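Please find one structure pasted underneath; my questions will follow.
What follows draws every value from the coordinates through simple rules; no lab data is involved. Quick caveat: nothing in here was measured; it's all calculated off a predicted structure. All Cβ positions, even for glycine, are placed from backbone atoms using ideal geometry, and neighbour counts span all protein chains on display.
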Amino acid sequence: MPSLPAPDASGIYTFPDDLIAAHRTWQDELSARQGTAPLLTVTAPHSGAHYLIEQRHPAGRPVVVLEPHHDDFALSASGLFLAQPRPLTVITVFSRSMSVHPALEAAYPDAEAVSVLRAREGAEALRPFAASQRLLGHEDAVKPYRAHALWRLNTITEELRALLDEHPDAELLAPAGVTRHPDHLLVHEAARRLGCRWFFEDLAFWPTYALSGCDQHLFRTRTRSSLRPRLADITNVLLDKLTLLYLHGSQMHPPTKMYRPLRHPWTIAAALLAPPPGTPAYAERFHHLKTP
């Protein structure tokens, strides 16, 4: 793997273009391995750009991932499953959206067009995991954000329960619900009702929410229970994870912003593990409810 630029003490790259350049080098290395390794060509639906990524071979206990929106799994939890592939089913709750960058509004003028694009992005990003996906078809919350009505939480919980009944042996993974986004909070509460005890940190795309001094307080407040954090080192799959983010590229524009979801995991890893100076280390953080 090509060498990666080390972030500064705040986890912010002085030259974010270095990470993008490292990704290009990684793509060249994968291209040279074609025919000798199980590689997939994945295509970003908006740009049409092609990327190479290794096909993973899932093993072990199945996992059902609940994600509020099409990109939340890729942004926040995909590194662990690139490193340790498990049979995956991803359930996307809010899959109808008008969320597209203003520069692309003319190309995707309504909810149908945006939703089709994001569904294609999500499906392409899940191909390397050999994952299946289910879309519940609910509409994203729009600003000004307000808490969802109780009846909607009840409805979505029962829809999820019916899908989970199809996977009785699977482990359930859901967002920790630390962001202020009502869709994340609803999916988190529905997951807790369904007995979920394993949560991924849904902060990766929200650096303004990700102050290490306050997020533990938010977890305690939101979950009303003790949580045991677990870091998952994704250093060896960092550039493959960036490939997945490129597949969601129309939602992050311009491309130089794509390094942002990796900034917070570095900050957390640096704060908790204190790696040697100049040694890049990246981590995703997961939380388990402690056994009563």
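What net charge do the residues around Ser31 carry, taking every other residue with its C-beta under 13 Å from that of Ser31, with Lys and Arg at +1 and Asp and Glu at -1?
On the way: positive: Arg24, Arg33; negative: Asp28, Glu29, Glu54.
Within the 13 Å Cβ shell, the charges total -1.
Further, regarding this structure: Please give the length that would be gained between Leu163 and Arg146 if that part of the chain were fully extended, namely 0.36 nm times their separation in residues minus their C-alpha to C-alpha distance (nm, one decimal). Before the final figure, lay out each step's value.
Numbers: separation 17, 0.36 × 17 = 6.12 nm, distance 2.69 nm.
Full extension of this stretch gives 3.4 nm more.
For labels at Thr25 and Arg230 in the simple 7 Å Cα→Cβ model, what's the distance in nm?
Rounded to a tenth, the inter-label distance reads 3.3 nm.
Sum up the charges of everything whose Cβ sits under 11 Å from the Cβ of Ser78, counting Lys and Arg as +1 and Asp and Glu as -1, but leave Ser78 out. Don't skip to the end; give the middle numbers.
Values: positive: Arg56, Lys241; negative: Glu67, Asp71, Asp72, Asp240, Glu284.
Net local charge, Ser78 excluded: -3.
For Gln34 and Asn154 in the same chain, what is the full-extension length gain: residue separation times 0.36 nm, less their Cα-Cα distance, in nm? Please report the intermediate quantities before stating the final value.
On the way: separation 120, 0.36 × 120 = 43.20 nm, distance 4.87 nm.
Residue separation times 0.36 nm, minus the Cα-Cα distance, leaves 38.3 nm.
What's the local net charge at His248, with K and R +1, D and E -1, over the other residues with C-beta under 11 Å away? Don't jump to the answer; show the numbers that get you there.
Numbers: positive: Arg118, Arg120; negative: Asp71, Asp72, Glu121, Glu124.
After counting each charged neighbour, the total is -2.
While we're looking at this one, here's another question. Between Ser47 and Ala103, what length comes free when the chain is fully extended (0.36 nm per residue of separation minus the Cα-Cα distance, one decimal in nm)? Write down the numbers at each step before the final one.
Details: separation 56, 0.36 × 56 = 20.16 nm, distance 1.33 nm.
Between Ser47 and Ala103, full extension yields 18.8 nm more.
Also, quick follow-up: Quick one: what are the phi-derived ³J(HN,Hα) couplings along the range 127-144, Karplus 6.51/-1.76/1.60 with θ = phi - 60°, whole Hz, x for glycine and proline?
4, x, 8, 6, 8, 9, 9, 10, 10, 7, x, 7, 8, 4, 5, 10, 6, x
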